[in-house]
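Since the structure comes first, as structure tokens, the remarks are kept for the end.
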Amino acid sequence: MSKICQISGKKANNCYKVSHSHMRTKHKQNVNLKYKKIWSLKKNCWIKIKISTKIIKSLHKIRL
């Protein structure tokens with residue numbers, strides 16, 4: 001499975017790790033993903049999806 005949030009579509013970000021001597025090495029910042037069981041109002045059943053923790057905090061605003 002890919003590391004992408006199924007609701008927001010967030011994915012990994014490319015960046016640099018910077019050392020004390022300011023040497024830069026390439027690094028990847030992955031999204032903080034969790035599996036979550038959510039009750040769907042449209043389907044009227046439980047759905048198990050992989051979503052980011054930032055979306056978990058704002059789930060009450062999103063209607064699934």
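Within the range 46-64, being surrounded by fewer than 10 Cβ atoms within 10 Å (Cβ to Cβ) and either of a type in the set (Lys, Arg) or at pLDDT below 95 (or both) holds for 48, 57, 60, 61, 63. Checking the range 17-26 against the condition returns no match, with no residue being of a type in the set (D, E, K, R), at pLDDT 90 or above, open to solvent by less than 100 Å² (accessible area, probe 1.4 Å) and in contact with a strand residue (DSSP E or B) (Cβ under 9 Å, 6 or more places away or on another chain).
Starting from the range 12-29, take each residue that is within 23 Å of residue 2 (Cα to Cα) and list its partners that are assigned to a loop (DSSP other than H, G, I, E, B), counting only C-beta distances under 7 angstrom and pairs at least six apart or across chains. Matching pairs, first to second residue: 12/3; 12/30; 12/31; 28/12; 29/12.
The values are calculated or read from the model by the stated rules, or taken from the named source; none is laboratory data. In this text, all values refer to a predicted model and were calculated from it rather than measured experimentally. Here the Cβ is made from the backbone with ideal geometry for all residues, glycine too, and neighbour counts use every protein chain on show. What goes into the accessible areas is simple: the full protein's heavy atoms, side chains included, and nothing from ligands, DNA or RNA. Shrake-Rupley method; radii C 1.70, N 1.55, O 1.52, S 1.80 Å.
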